[in-house]
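Every number here is computed from the coordinates shown, using simple stated rules; none is lab data. Keep in mind that this is a model prediction, so the values were computed, not measured. Heads up, the Cβs are rebuilt from the backbone with ideal geometry, glycines too, and the neighbour counts pull from every protein chain shown.
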Amino acid sequence: MNVSLILIILLVGAFATFLAGDKLASKVAFFFGLAAAGCSIVLLNHYNLGENISFINQWITQPNISFALKADGLSMAMLLLTTVLTPIIIFSSFGNDYKNSKSFYALILFMSFAMAGTFLASDGLLYYIFWELSLIPIYFIALIWGNGDAEERKKAVVKFFIYTLAGSLFMLVAFVYMYQKAGSFLLEDLYKLNLTATEQLWIFLAFFLAYAIKIPLIPFHTWQANVYQKAPTVGTMLLSGIMLKMGLYSVIRWQLPLAPLAAKEYMYIFIGLGIAGVIYGSIVALKQKDLKKLLAYSSLAHVGLIAAGTYTLTLDGLRGAVLQMIAHGFVVVGLFYVAEIIFRRYETRAIAEMGGIRSQTPKFTSMFLILVLASVALPSTFNFVGEFTVLYSLSQINIWFAILGGTTIILGAYYMLKMFQHAMLGETNTKIFADVTFNEGATLVIIIAVLFFFGMYPKPIIDLITPSLQEILTQINRIN
Amino acid sequence: MDTNLALVLLFAPFLGFLINVFFGKTLGKSLSEIIGTLSVAVSFAVTIYFFLQINQTKQAINIDLFDWIQISNFKVSFGFLLDQLSILWLLFVTGIGSLIHLYSISYMHDDEKMHTFFAYLNLFVFFMITLVIGSNLLVMFIGWEGVGLCSYLLIGFWYKNQEYNDAAKKAFIMNRIGDLGLLIGIFILGHLFSTLDYATLKTAIAGATDLNMYWLSAAAFALFIGACGKSAQIPLYTWLPDAMAGPTPVSALIHAATMVTAGIFMITRLNFLFDLTPDVQSIIAVVGAVTALVAATIGLVQNDIKKVLAYSTVSQLGLMFLALGLGAYEVAVFHVITHAFFKACLFLGSGSVIHALHGEQDMRKMGGLKKAMPITFITMLIASLAISGVPLFSGFFSKDEILLVAFHHNIPLWVVASVASIMTAFYMFRLMFLTFFQEFRGTEEQKHHLHESPSLITFPLIVLAILATIGGLISLPGHSWLNEYLTPILPKLASAEHHLGTTEYMLMAIAVVGGLVGIGLAYAKYIKQNTVPTEDSEITGFSKVLYNKYYVDEIYDAIFVKPINVLSLFFRDTIETALSSLVFGLGKVTNEISFQGKKIQNGSIGLYLLVFVLGLCAIVSYLFLAQ
C-alpha cells in the first residue's frame, strides 16, 4: 500500500461522481471522500509502524520527471487535513441545492485530489502540476456556483485566477533553472545543488511570489476577501481550510530548504511581513460588515502569524506553524459553515441584519461561540497549542516579534467577540431562526471535538510531524 | 488514591456543568439547582480532606497526567500541584463557591435560563480549580483564560441587553491585554530556565549562579501586567466596575472573592521570582497603593450600590498588591481570605437588597431598610465593620498588617494606604446609612412589598458574616497560624520575628482611629444632616470628576478604541482599494501594451519592410561593433 492510493480514490471518485448524475452526486462524493479519509488513516497507521508508503516511478524521461510521492510526517499531516476536511465539507453542503450538482461535487473531489497531490509530490514539476491543477476546479466552483452579482463575481474570480497563476509562473522558472543544474526535479537532487547566495536569493524570491499570493501575505492578499465572499461556502471552505495551507506547507517543504541562505539572510523581513499581516488583517477585520469577509480578514491575520512562524527557521516555529495550519483549517471551516447556516435561514451575510439569534437557538449559539473561542486560541483548544508554539518561537528570535504578533490575542478577541455580539446577541430577532438540523449539528460537533481533543492531547500530531521537520531543518542548516 | 480524589475535586464541577448544559432543561429547575450546588460541594468536601491531610503530612502532592505541549527545549505536562497554597485557595474558592451556589438557587429562581446560569457557575469553579491546582504556568493559564471566559459569559448573562454585552466584551478584551503580558512572561521564563513547572522553576532559580537580571525583571514585569488585568489594577481596572452588569451572585463569587484574586495567587506562587526583582516589586507596591487610593476616591461618590462595592474591591485588591510589592505575600494572602469573606457577604447582601426592591440598585432610592430586612442589615453591618478595620473583626487584622508592613518599608505608601482605608470606612458606612437608615425613598409599591429575603439567601449571609467576624483568628498578631501553614511556600516566614512593640500599637491605634473617623464622617453627613446624594445632573465640581471615574473610560476610548476604529476604516476603504487597483492596474498595463502592440501588426508591407531593414541594420552594426 502506498499513498498513490489516496490520489486514485479521489480521482476515481471525481469521475464516479460526475457519472452518478445530479441526484446521487453528493452522496457518491461523500462516500469517496470518506473512503479517502479512512484510507489515509489506515496509511497513517502503516506509516507509524515504520512502513514505507512513499511511491516513486519514472514518469517522463526527457525531461527527467518522476511521479514521486513522498510520505513523511509533514506530508501525512497535511494529507490527513485534506482528506478529513473534504468529507466534512461535502457533508456540510447537504441540504443545499446546486444546479448541475454532478459537476459541482466532481470538482470538489478533483480539487481535493490536486491538493492532496500537492502535499505529497516530491518532484518539482509534478508538484507544480498539482499546484496549478488545484486552481482550475476552484475557479469553476467560484465562478459558476458563487453568489452575488455575476459580473462582480467574474471580475473577482478571474483576478484571483490570473493573479495566482502569474505568481506561480515565477516558481516554474525557478524550477527550470534548478533543473538545468541538477538534471532532475526530484527534491533530493535539488537539495544537493550548490547554489550561490545570489542564485538562492532569486529562487527564494520566485517561490515567495507564488506563495505570498497563495497564502496570502500582505500586500498580495487583495484577491482574498472578495473571492471568499463570492465563492459558494463550500468553495470558501476549500480555499481557506486547505488551499491556503498549500502555500504555507510549500514554504516549509520547498522554499526554505532549497534557498536556506536567502532565508537566513532575510528572515527578519519575512517575519516582519507576516506579523504586519497579523496586525493589518485584525484591524481591517474590525470594520467588516459582511460575515464572510470578516472571516477572510481573520484568516489573513492567522496565516500571517503562521508564516512568521515558518520564517523563524526553528523547530518550534515550524512545528507551531504546522499545528496552527491544521487547527486553523478546522476552525475556519467551522466558522464559514456557521455563516452558511445563518445564510440558509436569514439569507444574509451582513452582520447588521443578524442579531437576536441566541434566544432562539441556544445549541447553535454555543457551538458558534466555541468556534469563536477556538479561533481566538483559548487554551484547551488546538489553536492555542499552535499559536502558543508559534509565539514562543517568535519570542526566541526577538521578544518584540512575540509582543507584536501577540496582539492577535487582543485584537482577535476584539473583532470576533464584536462580531459574535452583533450577529447573535441582543433582543430576540423578529425573524424566526430554525434550530440547527441534525446534519448541521453533527458537522459542527465533529469539528469542535477535533479542536478540543488535539487541544488537550496534541502529542500524536507533534510526534508525527517532528521527525520530518527536523529533517527539513537539517537541510536548512546544511553547509554548502 | 490522591490522584483519583484530585480528579474528583476538579471534575465534579465540570460534570455539573455538562449535566446542566445538556440536560438542564429536561431535569427541571430543582434538580438542576441541586446538581449545580452539589457538584461544587463535593469539591469542597474533597478539599477539606486534602487540607486535613496536608496539615498532617506537610507533603505536597504532585500529579502528572500526560504530556501536553512540547517546545524544543522543554515539555509542558498536564499536571497538578496540591500544596499548602493551592489547597488554601481551594478552600475558599469551593467553600464560598458552595455558599454562593446555594444563594443563587433562590436569587436566580425566577430566571428562565436558570440552568444555564448554574452551568456557567460550575464551569467557572472548574476553571478556577484548574488555575489554582495547575502544576505549571501553562495549566494555570488554561484556568486563567477559562475563568475569563466564564466571567464574559456571566457578565453578559442577560444577553438581550447590548450594554451588558459591551461590558462582558470589555472585560474579556482587557483581560486579554493582561494575558498577553502573562504569555510574554511565560516565554521569557521558558527561555531562561527551560521549564514552566513551579517546582523545577524554583530549584532552577535557587540554583542558578549567574541570573540574567534584565530578563528576569522583564519576566516578572510581564507577569505582573497579567496580574493587573485579572486583578483589576491600574491601568487595566476599568472592566471590573462594568462587570457589575452580571447577576449579583456572580459579582460576589467572581468579581470579589475568587477570580480577581488570581493575580495575587500567581505572584505568591512565584514569590521566589519576584523576590529577586526588587524594581518590579517597587512598581507593584506603588501601583497597588495608587490603585487603592484612586478606586477609593471614586467609591466615595458612587450611588449604585454595586458600583460602590466594585470600586471597593478594586481598592482592596490594590492594598493586597501593595503587600505583595513589599514582599509580604502572607499578608496579601491573609487579606485575600478575609476580603473574600466580607466582600462576598457585602455583595450577597446588596443582592438581597436589590432582590427586595425588584432590581433597584440606586441607593438614592433606598433607605430605611433595616427594619424590613434585619438579617441582611446585620450581616452587612458586620461585613462593613470588618472592611472598615474596626477592631476584632477580621478585616482589622489583615488590613492592619498591610499598613504595618507599609510603614516599615515606606512612609508615603503607608500614608496613601491609610488614607484609602479611611475613605473605605467612609464610603462603606455611606452605603450602610443610605441603604438601611432614615426613611425609605423608593416608590409606595416597593415599600409595600419590602421583605426579608428567604433563608437560602440569608443563610449564606449569616455564614459569611460569622467568617467575616472571626476570620482574623487565622493570623493573630504575634501568633499566626497562617504564617506557619504557609512556611513551606514562603520560606522567609520561618525566620521572621513577630514582636509587637510600641510602634506597632501606635500604628494600630492610628488605623483604628482613622477607620472610626471615616465612619463618623459618614454618620455626620448621612444621619445627622440626612443628606441624600443629588441627581446626576446636579453633581458638580470635583465630585463630578469622581462620579465620572476621572473620565478614564472616555480617555481610553479616545486614545485606544477610537483610533483603532478609525484606522480600520482607513485600511478598509483606502488601503484595500488602493492595493486592489494596483493589481488590476498591472492587468490594465498589460492590456494596454498588447493594444498598442496590436497596432503595429496592421498588414502594411511597407512598415514591415522598414522594421525589417532597421532590425537588420541594428544586428549588423552590433556584430561590427562587437568585433
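Data for the structure
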read-out: Under 16 Å from B:Lys492, Cα to Cα: lysines that are on another chain or at least 8 residues apart; value: B:Lys202
read-out: Loop trypsin sites (Lys or Arg not before Pro), the stretch B:297-366, which have at most 10 other Cβ atoms in a 10 Å radius of their Cβ (DSSP); value: none
read-out: Translational diffusion coefficient (Stokes-Einstein; Kirkwood radius from C-alpha pairs) of the stretch A:118-244 at 37 °C, 0.692 mPa s, in µm²/s; value: 211 µm²/s
read-out: Normalised alpha carbon radius of gyration of the stretch B:486-627 [divisor 2.2 N^0.38 Å]; value: 2.97
read-out: Three semi-axes of the equivalent ellipsoid, the stretch A:273-313, Cα gyration tensor, whole Å, largest first; value: 22, 9, 4
read-out: Over the stretch A:243-332, equivalent-ellipsoid semi-axes from the Cα gyration tensor in Å; value: 25, 14, 9
read-out: Which listed pairs, of A:Lys70/A:Lys459; A:Lys287/B:Lys25; A:Lys287/B:Lys75, have C-alpha distances above 29 Å, in listed order; value: A:Lys287/B:Lys25; A:Lys287/B:Lys75
read-out: ³J(HN,Hα), Karplus 6.51/-1.76/1.60, whole Hz, each residue of the stretch B:423-435, x for Gly, Pro; value: 4, 4, 4, 5, 5, 5, 7, 4, 4, 5, 5, 5, 7
read-out: Length-normalised contact order for chain A - Cα pairs under 8 Å, 6+ apart - percent; value: 15 percent
read-out: All-pairs alpha carbon distance profile, the stretch A:366-444, 10 Å steps from 0, percent; value: 16, 35, 28, 14, 6, 0
read-out: Proxy reagent accessibility, fewest Cβ within 10 Å first, across B:Trp158, B:Trp89; value: B:Trp158, B:Trp89
read-out: Cα lying deepest toward the dipole's positive end in the protein assembly as shown, options B:Ile564, B:Leu326, A:Ile410, charges on Cβ; value: B:Ile564
read-out: The stretch B:131-146 - phi-based ³J(HN,Hα) in whole Hz, Karplus 6.51/-1.76/1.60, Gly and Pro as x; value: 4, 6, 9, x, 8, 9, 5, 7, 5, 4, 5, 4, x, 4, 6, x
read-out: Amide proton proximity set for B:Trp68, modelled H, under 5 Å, gap of 5+; value: B:Val76, B:Ser77, B:Phe78
read-out: Spatially proximal aspartates and glutamates relative to B:Lys29 (Cα-Cα < 12 Å; intrachain offsets below 8 disregarded); value: B:Asp110, B:Asp111, B:Glu112
read-out: Anchor A:Lys27: lysines whose Cα lies under 18 Å away (excluding residues fewer than 8 positions away in-chain); value: A:Lys99, A:Lys102
read-out: Radius of gyration and Dmax over the Cα atoms of the stretch B:556-626, both given in Å; value: 25.9, 75
read-out: 3J(HN,Hα) from dihedral phi, the stretch B:358-367, Karplus parametrisation 6.51/-1.76/1.60, rounded to Hz, x for glycine, proline; value: 6, x, 6, 10, 7, 5, 5, 9, 10, x
read-out: Potential lengthening between B:Leu582 and B:Val517 on full extension [0.36 nm per residue; Cα-Cα distance subtracted]; value: 16.3 nm
read-out: Listed pairs A:Lys293/B:Lys160; B:Lys306/B:Lys447; A:Lys155/A:Lys363; A:Lys418/B:Lys113; A:Lys23/A:Lys230 exceeding 28 Å between Cα atoms; value: A:Lys155/A:Lys363
read-out: Over the stretch B:286-415 - Rg/Rh using Cα atoms and the Kirkwood inverse-distance radius; value: 1.02
read-out: Over 47 Å [Cα-Cα, chain B], rounded percent; value: 22 percent
read-out: Folded to 0 to 90 degrees: helix A:438-456 orientation relative to chain A principal axis, Cα; value: 50 degrees
read-out: Taking the stretch B:314-547 and dividing mean pair separation by its residue count, relative contact order in percent (alpha carbons under 8 Å, at least six apart); value: 29 percent
read-out: Principal-axis tilt of helix A:459-476 within chain A, Cα atoms, nearest 10 degrees; value: 40 degrees
read-out: Dimensions in Å of the stretch A:1-160 - Rg and Dmax from alpha carbons; value: 16.6, 53
read-out: Folded to 0 to 90 degrees: helix A:382-397 orientation relative to chain A principal axis, Cα; value: 50 degrees
read-out: Debye log10 I(q)/I(0) for the stretch B:314-547, one point scatterer per Cα, at q = 0.11 Å⁻¹; value: -0.60
read-out: Mean-position separation - Cα centroids, the stretch B:10-82 and the stretch B:202-246, in angstrom; value: 26 Å
read-out: Cα convex hull of the stretch A:267-480 - mean projected area over all directions, nm²; value: 11.9 nm²
read-out: Two-site label geometry, B:Lys25 and A:Tyr268: point separation in nm, points 7 Å out along Cα→Cβ; value: 5.8 nm
read-out: Cβ-Cβ FRET estimate between A:Ala350 and B:Phe612, R0 fixed at 51 Å, reported to 0.05; value: 0.25
read-out: Residue range of chain B that is longest and free of GluC sites (Glu not before Pro) which are both DSSP loop and sparsely packed (at most 15 other C-beta within 10 Å); value: B:113-438
read-out: D_trans [Stokes-Einstein, Kirkwood Rh over alpha-carbon pairs] for chain A, 10 °C, 1.306 mPa s, µm² s⁻¹; value: 71 µm²/s
read-out: Per-residue Cβ neighbour rank within 10 angstrom, fewest leading, B:His255, B:His109, A:His422; value: B:His109, A:His422, B:His255
read-out: Quarter of Cα convex hull surface for the protein assembly as shown, i.e. mean projection, nm²; value: 51.7 nm²
read-out: Residues B:Thr574, B:Thr291 arranged by fewest to most Cβ contacts within 10 Å; value: B:Thr574, B:Thr291
read-out: Calculated over the stretch A:94-181: convex hull of Cα atoms, volume per residue (Å³); value: 88 Å³
read-out: Where Cα atoms sit under 29 Å apart: lysine pairs in the stretch B:520-627 separated by 8 or more or lying on different chains; value: 8
read-out: A:Lys431-B:Asp64 FRET efficiency (beta carbon distance; Förster radius 56 Å; 0.05 resolution); value: 0.60
read-out: Förster radius 45 Å - calculated FRET efficiency between A:Val12 and A:Phe452 (Cβ-Cβ, nearest 0.05); value: 0.85
read-out: Label point distance in nm, A:Lys23-B:Thr3, each placed 7 Å from Cα along Cα→Cβ; value: 5.7 nm
read-out: Principal axis dimensions, largest first and in whole angstrom, of the stretch B:1-92 by Cα; value: 49, 38, 22
